[in-house]
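Asks: Take a look at this one; I'll ask things after.
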Amino acid sequence: MQAALRIARSSARPLRATTVRCLATAASPAHAAAASASTTTARKHSVIPLSNVEAQWQTMAQEDKAIVHEQLEELQKKDWKDLSLDEKKAAYYVAFGPHGPRAPISPPGTTLKIFLSTMGLVGAAGVLMLAIRQFAPPPPKTISREWEEASNQRAIEQKMNPITGITSEGYSGKGFVVSK
């Protein structure tokens, strides 16, 4: 059984190394891979100033943001009282600042624009209503106080709704009169 295990291990190792080597060489030439590896290691060890991170964050590259994030993780492993004010501000901004999912949906001043636009639309609707009423035909003759009073008299003559209506005992309502 041990012999079978040794054979399986020895046959698996060259295949895995060849696969990794093929993937690495397929991605980029060897000299370009070495150059990019040296720049990323140099970047990880470079210190990006944490003072005024708020102003730099929007223009910072994703790699730099990751480096700052890693630096802050290392700093926060220390005692919080030992951190400088700039380091505390940077840690707070990176964790809870208005960027990424916490970015404001609308820029400042949008509320005023929305309010003024709404008031403009309400004003335009009012002007449109007045223009329509200006050119509208006069109301029908059945919407006059005289017509409504005549409708009350007609209802009394016909004894309309004698239980709860205008011809009932003790009725004190206006009947059909609704206009002023």
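The values are calculated or read from the model by the stated rules, or taken from the named source; none is laboratory data. What you see is a predicted model; the values in this text were computed from it and never measured. All Cβ positions, even for glycine, are placed from backbone atoms using ideal geometry, and neighbour counts span all protein chains on display.
Asks: Looking at segment 102-114, can you tell me whether even one residue there is under 30 Å from SER51 (Cα atoms) and touching a helix residue (DSSP H, G or I) at 6+ places or on another chain (Cβ under 8 Å)?
Replies: Yes, segment 102-114 has at least one match.
Asks: Consider only pairs whose beta carbons are under 7 Å apart and that are at least six residues apart or on different chains; among these, list those whose first residue lies in segment 80-109 and is modelled with pLDDT under 85 and surrounded by 10 or more Cβ atoms within 10 Å (Cβ to Cβ) and whose second residue is part of a loop (DSSP other than H, G, I, E, B) and of a type outside the set (Lys, Arg).
Replies: So the pair list comes out as PRO98/PRO104.
Asks: With the structure loaded, tell me whether LYS174 is of a type in the set (Lys, Arg), surrounded by 10 or more Cβ atoms within 10 Å (Cβ to Cβ), closer than 30 Å to GLN58 by Cα and free of Cβ contacts under 8 Å to residues at least 40 places away in the same chain or whether it fails that test.
Replies: no
Asks: Mind listing just one residue for me: the one in segment 110-133 that is surrounded by 10 or more Cβ atoms within 10 Å (Cβ to Cβ) and under 18 Å from the mean Cα position of the chain (by Cα) and, of those, nearest to GLN62 (Cα to Cα)?
Replies: THR110
Asks: Out of segment 151-180, which residues are closer than 22 Å to LYS141 by Cβ and among the charged types (D, E, K, R)? Before you say what the answer is, go through the steps one by one.
Replies: Filtering segment 151-180 down to residues closer than 22 Å to LYS141 by Cβ leaves 151-158, 160, 166, 174-180.
Within segment 151-180, ARG154, GLU157, LYS174, LYS180 qualify.
Asks: Of all residues being assigned to a helix (DSSP H, G or I), among the basic types (Lys, Arg) and farther than 18 Å from ALA103 by Cβ in segment 43-79, which is modelled with the highest pLDDT? Just the residue, please. Let's see the steps before the verdict.
Replies: Initial filter on segment 43-79 (assigned to a helix (DSSP H, G or I)): 43-45, 53-59, 62-76.
Now drop any that are not among the basic types (Lys, Arg), which leaves 43-44, 65.
Within this subset, residues satisfying the condition of being farther than 18 Å from ALA103 by Cβ are 43-44.
Numbers: ARG43: 44, LYS44: 48.
If we take residues in segment 43-79 being assigned to a helix (DSSP H, G or I), among the basic types (Lys, Arg) and farther than 18 Å from ALA103 by Cβ, then LYS44 is modelled with the highest pLDDT.
Asks: Next up: Quick check on segment 134-148: of everything there that is hydrophobic (A, V, I, L, M, F, W, C) and over 14 Å from PHE176 (Cβ atoms), which residue is surrounded by the most Cβ atoms within 10 Å (Cβ to Cβ)?
Replies: Taking the candidates together, the pick is ALA136.
Asks: Do we find that SER168 is part of a loop (DSSP other than H, G, I, E, B), out of contact with any His (no Cβ under 8 Å at 6 or more places or on another chain), surrounded by 10 or more Cβ atoms within 10 Å (Cβ to Cβ) and at pLDDT 90 or above in this structure? Give the steps one after another, and end with the answer.
Replies: Working: part of a loop (DSSP other than H, G, I, E, B): yes; out of contact with any His (no Cβ under 8 Å at 6 or more places or on another chain): yes; surrounded by 10 or more Cβ atoms within 10 Å (Cβ to Cβ): yes; at pLDDT 90 or above: yes.
Answer is yes for this residue.
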